[in-house]
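All remarks here apply to the structure that follows.
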Amino acid sequence: MSRNQLAALIDVNPQTIGALERGDHSPSLDLAFRVCEVFDLPVEAVFSRTEFAPMSKELYNR
């Protein structure tokens, strides 16, 4: 999925997606829920006190 596609799905600017990816921006709770809904993930995947293990393999093998 491209930045533009994700941005359109969650109603944000594509630059916001880039900032989230780089860690330059922390998402609001509302934005975190929207991202998680798109990827069918728990909100803990976005908000956690401990570092989350990479999920690429699990996501791409669906």
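In segment 6-62, the residue that is modelled with the highest pLDDT out of those that are among the hydrophobic types (A, V, I, L, M, F, W, C) and assigned to a loop (DSSP other than H, G, I, E, B) is Val12. Taken over segment 9-37, the criterion of being in contact with a helix residue (DSSP H, G or I) (Cβ under 9 Å, 6 or more places away or on another chain), among the aliphatic types (A, V, I, L, M) and surrounded by 13 or more Cβ atoms within 10 Å (Cβ to Cβ) is satisfied by Leu9, Ile10, Val12, Ile17, Leu20, Leu31, Ala32, Val35.
The values are calculated or read from the model by the stated rules, or taken from the named source; none is laboratory data. None of these values were measured; they are calculated from a predicted model. Note: ideal-geometry Cβ built from the backbone for every residue, glycine included; neighbour counts use all protein chains shown.
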